[in-house]
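Okay, so here's the structure we're looking at.
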Amino acid sequence: MGAETTQAGYGGMLGLVSIIVLFIQGYRPNNRSTAGPAPQPASAARKRCAVAAQPPGKAATTYPSYLHTAKVADLLHVSPKTVSRWAKEGKLPFLKTLGGHRRYPEAEIRELAEGLREEATA
């Protein structure tokens with residue numbers, strides 16, 4: 001009785017080890033000889049794309065882009081500290097992220113930079 005229990009105990013354990021080894025080696029229960037992930041339908045493969053194709057007839061939604069403080073400073077030829085101060089004083093439009101960082105609307109900042117460039121040359 002003791003030997004049967006020991007064999008059954010090892011048999012169960014060997015079965016688990018065998019299953020783990022087969023899983024690691026990529027065993028497929030439907031006897032496919034190819035290793036790797038199973039092929040997916042086109043719709044499932046498309047879902048993993050970073051940018052999915054838009055359905056026909058639907059316009060893609062565009063979101064305004066925002067700039068970091070350092071980029072705004074480069075465009076306006078001032079220091080990042082000056083950009084932050086101008087934002088705090090209400091001279092520059094900005095949004096605050098959930099983390100508390102300022103982001104500046106790119107279109108408005110580029111328009112301002114262009115206006116300042118024109119003023120400087122006039």
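Every read-out reported here was derived from the displayed coordinates using simple, explicitly stated rules and does not represent laboratory data. Worth saying up front: this structure is predicted, and the values here are computed from it rather than measured. Virtual Cβ from ideal backbone geometry, glycine too; neighbours counted across all protein chains shown.
So what J values fall out for the stretch 79-84 if you push phi through Karplus, 6.51 cos²θ - 1.76 cosθ + 1.60 with θ = phi - 60°, rounded to Hz, Gly and Pro as x?
Karplus-based 3J(HN,Hα) across the stretch 79-84 equals 7, x, 5, 5, 4, 4 Hz.
Which aspartates and glutamates, if any, have their Cα less than 14 Å from the Cα of residue 81, not counting same-chain residues under 8 positions apart?
89
With labels modelled as points extended 7 Å from the Cα through the Cβ direction, what inter-label distance (nm, one decimal) is found for residue 98 paired with residue 119?
About 3.7 nm separates the two model spin labels.
Looking only at Cα atoms, what is the convex hull volume of the stretch 66-121 per residue, in Å³?
Per residue, the Cα convex hull of the stretch 66-121 comes to 70 Å³.
Say each of residue 84 and residue 65 gets a label point 7 Å from the Cα, pointing the same way as Cα to Cβ; how far apart are those two points in nm?
Label at residue 84, label at residue 65, 2.5 nm between them.
How much length is gained on full extension from residue 91 to residue 106, taking 0.36 nm per residue of separation minus their Cα-Cα distance? Don't jump to the answer; show the numbers that get you there.
Numbers: separation 15, 0.36 × 15 = 5.40 nm, distance 1.50 nm.
Stretched out fully, the residue 91 to residue 106 stretch lengthens by 3.9 nm.
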